[in-house]
Amino acid sequence: MWSIISVLVENKPGVLFKVTNLFRSRNYNIDSISVGITENPEFSRMTITTSADEKQLNQIIKQLDKMIDTVEVKLLDEKKSIYRELVLMKIKITKPSDIMEITDLSNAFKCNVHDVRKSSIIVEITATPDRINAFEDLVKGYGILEIARTGMCALERGVGNES
Amino acid sequence: MSGARSLMVALEKEGANIVFGLPGGANLPIYDELYKSNIRHILVRHEQSASHMADGFGRVSRRPGVCFATSGPGATNIVTGIATAQADSSPMIAVTGQVPTKMIGRDAFQESDIIGISNPIVKYAFQPMTAAEVPEVVKKAFYISSTGRPGPVLIDIPKDVQQNEAEVTFPSEVKIRGYHPWIDPDIKEIERAIDMLLASEKPVILAGGGVIISGAFAELQSIAELLMIPVVTTFKGKGSFPENHPLSLGPIGMHGHAEANKIMVEADCVLACGSRFSDRSVGTFEEFERNLKIIHMDVDPAEIGKNQTTHIAVVGDIKASLRIMVKMLIQKAIKRAGDNPWLKRVNETREYFRQNLKLHSHPLGAAKVLRKLREVLPSQSIVTTEVGQHQMWASLFFDVIHPGTFFSSTGLGTMGWGFPAAIGAKAARPDVPVVDIAGEGSFNMTENSLAVSVLDDLPVIVFLLNNFSLGMVAQWQRTFYDRRMIGIDLKNCPDYVKLAESYGAQGIRAQSIDEIGKAVQTALKSNIATVIDIPIDPQEDVLPFVAPGTSLKDMILPS
């Protein structure tokens, strides 16, 4: 079971290192992490997904909270959040009809298609992990050459942000 | 004003009047300003000792001790001291020189990435990149180090930042938006805690290091006496409660008192104050919490539920939390009589072990030696220990009467800590005798601080239990490795009397209990650094013993 933790941090050098080092030194696991500056340039938002049991998750949140450079730490409820990941997939093209088939699949998943070549095609998909997995399953047969993923990015629904 | 000058002014504003350190290329501008300031400098012979001295000073004075080191090896030499302070929540400010900003990252001479190296072992680390930042950085460093759960803060200052001039202002207050050390204890939870204690048949108070850090001695004693609850401590909490008090059972744990471990196992409810339930204190986590209701008070929210499942949690300063509890008890006129079956059981257990626990028969058995020290040493004296068998014997046989006078490297278990920490303690409290209960293996590691103790008029007594070996390792090899003894024989080298004398200190060899008493009295009267070398039996084990990975109920007793 994975969980999504949203961490608002001071936007300054070394903070990403400290957060990841906390996970390493306490033997927690990071499944994905994405970091970017927020509407306020003094802060960055980190979205971390981790697989941990409830007790460990509790500790992760508390240890993150204890860090002086973290301003706000939230465990996101999937149902009350929007969460997405962007994945670029380079898929093998063996015969010309593959291009059409993959493009059709991509349309069904609202993906963008880039860099169409005789031997490969790159598909850009922005979706929830379930949908990305479903898409990956469907195109696996063609042969996936390379994948790059951004890691999860998430925000709570509704009006938030008091900072 | 230069960055180095700003540092000195800021330190003075924080009330720092003593610095332990050693100069080098990258912190010379700081030393040049130290030369001009009124801050006292204690020159160490190795930077590790500077960090332990600052640690000892900080624990005793309950405000950050300050140490200086240069860049590169100077900085890495204090890493052990920083980790020790972090493990025991001790307030400390470590100021390191760094290569000039333009040289950072170019593998310059004596460059080490001390910010990266120290990250997991500091409470926080600063690296001001301009001279203008220095005053605020120092203010924040003291604020972070000394509030909430105290800890070490590193300030790494590049040499050009020390030299550069800047317009500066010294803030009288700082705010850090991600740091909230003051948490008001939840009164409702404290009420629930009282109810739970009253509803339990076999309650125990477990006092940890947090009681000593927050100075909650009187509050702890009031609660124990009002509710007539026996008090056990962690090793770090040793001496948070007078160990000659009728409700005291002493430390629990791997080498806890037999009666304390026994009663802890039988208890049905524990009020844990400022304890982090370390494995050395509680044994296996699962076994400890079985059939036990845990009330956990701690200043650090992350400690709640970390090692034990908690039934009631009170987050906040221990002194503040206990004070509220005392007030409630008095307001509601809650008292518990002392003639209940549980206390009867507690007293019987204590008496049983006092009568029947077999002590080592050697004429200089640890119990006899340390009880003699207790007998001749004034009760307000400060005691530190090194790390090893002698440390655990001190826990077992040296009763702390005056709360908050016993200090040890309990979390990290740093050999070589006790002696420099004692010197730091003496700097904080020159008015009382300071004794380092030592083993020679541990004393070896920082014995060159004898020069400091002599030359800087910080006389401490090294009470050296000399078994010519790394005794604790030897004990484990005897117990767990079928007596395959390796790497433990120190072969009676050096001669500690001559060693002391070569530094201008006093060296006394004491070979009987009587001579020990006289030696301590001589040391107390002479007021110069003294090493009392006591040849003990290398075969003596520390018992009782809760083997690692087992629970308190599996305690091994002397046979």
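Computed over the alpha-carbon atoms, the stretch B:58-138 gives an Rg to Rh ratio of 0.97, Rh here being the Kirkwood radius from the mean inverse distance. Using only the C-alpha atoms, the convex hull of the stretch B:211-274 corresponds to 80 Å³ per residue.
Only Lys, Arg, Asp and Glu carry charge here, each on its Cβ (+1 for the first two, -1 for the last two); on that basis the protein assembly as shown has a dipole of about 620 debye about its Cα centre. For the stretch B:1-143, the C-alpha radius of gyration sits at 0.95 times the compact-globule guess of 2.2 N^0.38 Å, with N the residue count.
Which semi-axis lengths, in whole Å and largest first, follow from the square roots of five times the eigenvalues of the Cα gyration tensor of the stretch A:2-76? The partial results should precede the final answer.
Numbers: eigenvalues 76, 30, 23 Å².
For the stretch A:2-76, the semi-axes come out at 19, 12, 11 Å.
Legend: P(r) of the stretch A:19-146 from all alpha carbon pair distances, 10 Å bins from 0, whole percents, reading 10, 33, 24, 21, 11, 1.
So for the protein assembly as shown, what percent of the C-alpha to C-alpha distances run longer than 50 Å? Can you show the working numbers first?
Details: 58801 of 260281 pairs.
Summing the P(r) of the protein assembly as shown above 50 Å gives 23 percent of all pairs.
The slack between residue B:218 and residue B:339, meaning 0.36 nm per residue of separation minus the straight C-alpha distance, is 41.2 nm.
Computed from the Cβ-Cβ distance with R0 of 56 Å, the FRET efficiency linking residue A:119 to residue B:354 stands at 0.05. Its alpha carbons give the stretch A:82-153 an Rg and a Dmax of 11.4, 38 Å. Ranking A:71, A:16, A:61 by how far each Cα lies toward the positive end of the dipole of chain A (charges on Cβ) leaves A:16 at the top. The chymotrypsin sites (Phe, Trp or Tyr not before Pro) of the stretch B:62-138 that DSSP puts in a loop, and whose beta carbon has at most 16 other beta carbons within 10 Å, are B:109.
Nearest 0.05, what FRET efficiency do residue B:492 and residue A:107 give at R0 = 60 Å with Cβ-Cβ as r? Could the numbers behind the result be given before it?
Details: r = 85 Å, r/R0 = 1.41.
After rounding, the FRET efficiency stands at 0.10.
Shape call for the stretch B:366-543 from the C-alpha gyration tensor, a ≥ b ≥ c root eigenvalues: rounded (a/c under 1.5), prolate (a/b greater than b/c) or oblate?
Values: a/c = 1.57, a/b = 1.40, b/c = 1.12.
Verdict is prolate for the stretch B:366-543.
Quick one: net charge of residue B:6's neighbours, Cβ under 12 Å, K/R +1, D/E -1? Residues near residue B:6 contribute -3 overall. For chain B, the C-alpha radius of gyration divided by 2.2 N^0.38 Å, with N the number of residues, is 0.98.
Convex hull of alpha carbon positions in the stretch B:159-238: directionally averaged projected area 10.0 nm². Other residues within the sphere of radius under 11 Å centred on the Cβ of residue B:558, judged by their own Cβ, net out at -1 (K and R +1, D and E -1). Using the beta-carbon distance between residue A:82 and residue B:113 and R0 = 35 Å, what value does 1/(1 + (r/R0)^6) give for FRET efficiency, to the nearest 0.05? E(calc), rounded to 0.05, equals 0.35.
Which residue fluctuates most in the GNM of chain A (Cα springs below 10 Å): A:138, A:75, A:86? Among A:138, A:75, A:86, the largest mean-square fluctuation in the Gaussian network model of chain A belongs to A:138.
Semi-axes of the equivalent ellipsoid for the stretch B:187-355, please: Cα gyration tensor eigenvalues, times 5, square-rooted, ordered largest first, whole Å.
Numbers: eigenvalues 87, 72, 45 Å².
Gyration-tensor ellipsoid for the stretch B:187-355: 21, 19, 15 Å.
If each Cα of the stretch B:453-559 is one equal point scatterer, what is log10 of I(q)/I(0) from the Debye formula at q = 0.17, 0.22 Å⁻¹? Debye curve over Cα of the stretch B:453-559, log10 I(q)/I(0) at q = 0.17, 0.22 Å⁻¹: -0.87, -1.09.
Filter the cross-link list A:55/A:79; B:238/B:491; B:491/B:518 down to pairs whose alpha-carbon distance in this structure exceeds 23 Å.
Values: A:55/A:79 21 Å; B:238/B:491 33 Å; B:491/B:518 27 Å.
The answer is B:238/B:491; B:491/B:518.
Among B:393, B:476, sorting on how many other beta-carbon atoms sit within 10 Å of each Cβ, with the fewest leading, yields B:476, B:393. Scaled against 2.2 N^0.38 Å for its residue count N, the alpha carbon radius of gyration of the stretch B:294-444 is 1.32.
Which residues among the stretch A:105-144 fall inside the zone where the amide N is under 20 Å from a point 7 Å beyond the Cα of residue A:95, along Cα→Cβ? From the stretch A:105-144, the list is A:105-106, A:117-121, A:138-144.
Where does the stretch B:142-285 land on Rg/Rh, using Cα atoms and the Kirkwood Rh? Before the final figure, lay out the partial values.
On the way: Rg = 20.4 Å, Rh = 17.8 Å.
That ratio is 1.14, to two decimals.
Coordinate-derived values only; no laboratory data. These numbers were taken from a predicted model, which means no experiment stands behind them. Don't worry about glycine lacking a Cβ; one is built from the backbone with ideal geometry, like all the others, and counts go over all protein chains shown.
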